[in-house]
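*Asks:* First the structure, which I've put down as structure tokens, then a few questions once you've had a look.
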Amino acid sequence: MRQIVLDTETTGIDPKQGHRIIEIGCVEVINRRLTGNHFHVYINPQREVEQEAIEVHGITNEMLADKPLFRDVAQEFEEFIQGAQLVIHNAAFDVGFMDHEFGMLGKPSNFTHGICTVLDTLALARQLHPGQKNNLDALCRRYGIDNSHRTLHGALLDAEILAEVYLFMTGGQTNLNLSGNNAGTDSQGETVRLLPADRKPLKVIRASADEQEEHERRLDLIEAKGGACLWRQTAD
């Protein structure tokens, strides 16, 4: 399983109004481990960055003046994400911008989904924590992840933080395979390695006769006081 945790920063909020990507940050996760491999680039959008956007990510027009155009980095970016599962928080936003950028180069309108699968961690968080705040800062607080260094949004930093959040969110093992196969799946259908089938049997320690007798005396005491003794109840 190769996953690319991805984030973008943009000139505004809607590509249909001509807004463009100005930063892409990706980190690679293979078999639920960060590999240290990443893709990061700033992009000249050939248009002004809206002031409201600058206040969010701090990337100014002057900073982007000498940066490459999207078409100059498109092939390298495509090769980096090709065939992977993209892990994105509020995926519709980033994928919409990516498809817009690729579309300007003559690619199909749904190009991203054609070369990758996409997992939206915002949708996942809403399933796990309904009715709660599920932005990246809230998830960091919920899972005890230190993001104090995140004073502004930044694509690479946010991708790194999201990778950690995602691994916490999906860390629960929910489907154990006890039929001799040493693998199961977690809540996202990913493989989770279990104890090997040929492991040594666990040692079972049983209660002694004296311990059993003391246990029964405790149960008698509970019933004598009018309590319901669940240990002595039988199924209907």
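The values are calculated or read from the model by the stated rules, or taken from the named source; none is laboratory data. Small disclaimer: the values here were computed from a predicted structure and weren't measured. Reconstructed Cβ throughout: ideal geometry from the backbone, glycine too, with neighbour counts over all protein chains shown.
Quick grid of which residues meet (1) within 20 Å of residue 32 (Cβ to Cβ); (2) modelled with pLDDT under 70; (3) in a loop (DSSP other than H, G, I, E, B); (4) touching a Lys or Arg at 6+ places or on another chain (Cβ under 6 Å):
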residue: 148; (1), (2), (3), (4): no, no, yes, no
residue: 152; (1), (2), (3), (4): no, yes, yes, no
residue: 160; (1), (2), (3), (4): yes, no, no, no
residue: 196; (1), (2), (3), (4): yes, yes, yes, no
residue: 199; (1), (2), (3), (4): no, yes, yes, no
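*Asks:* Also, I was wondering about something else. Within segment 54-61, does at least one residue satisfy the condition of being over 20 Å from residue 117 (Cβ atoms) and among the hydroxyl-bearing types (Ser, Thr, Tyr)?
*Replies:* Looking only at segment 54-61, we keep the residues that are over 20 Å from residue 117 (Cβ atoms), and these are 54-61.
Narrowing the set further to residues that are among the hydroxyl-bearing types (Ser, Thr, Tyr) leaves 60.
Yes, the conditions are met somewhere in segment 54-61.
*Asks:* Which of the residues belonging to segment 108-158 are crowded, with 16+ Cβ neighbours inside 10 Å, closer than 25 Å to residue 59 by Cβ and of a type in the set (Gly, Ala, Ser)?
*Replies:* 154, 155
*Asks:* Just checking, which of 59, 54, 43 is in contact with a Lys or Arg (Cβ under 7 Å, 6 or more places away or on another chain) and of a type in the set (Val, Ile, Thr)?
*Replies:* Working: 59 fails: in contact with a Lys or Arg (Cβ under 7 Å, 6 or more places away or on another chain); 54 fails: in contact with a Lys or Arg (Cβ under 7 Å, 6 or more places away or on another chain).
Criteria check complete, one pass: 43.
*Asks:* Got at least one residue in segment 113-121 being touching a residue at least 24 places away in the same chain (Cβ under 8 Å) and out of contact with any strand residue (DSSP E or B) (no Cβ under 8 Å at 6 or more places or on another chain)?
*Replies:* Start the filter on segment 113-121 by keeping residues that are touching a residue at least 24 places away in the same chain (Cβ under 8 Å), which leaves 115-121.
Imposing the further condition that a residue be out of contact with any strand residue (DSSP E or B) (no Cβ under 8 Å at 6 or more places or on another chain) reduces the set to 115.
Looking for residues that are touching a residue at least 24 places away in the same chain (Cβ under 8 Å) and out of contact with any strand residue (DSSP E or B) (no Cβ under 8 Å at 6 or more places or on another chain), one finds at least one in segment 113-121, hence yes.
*Asks:* Just checking, how many residues over segment 25-68 are more than 19 Å from residue 97 (Cα to Cα) and among the charged types (D, E, K, R)?
*Replies:* 6
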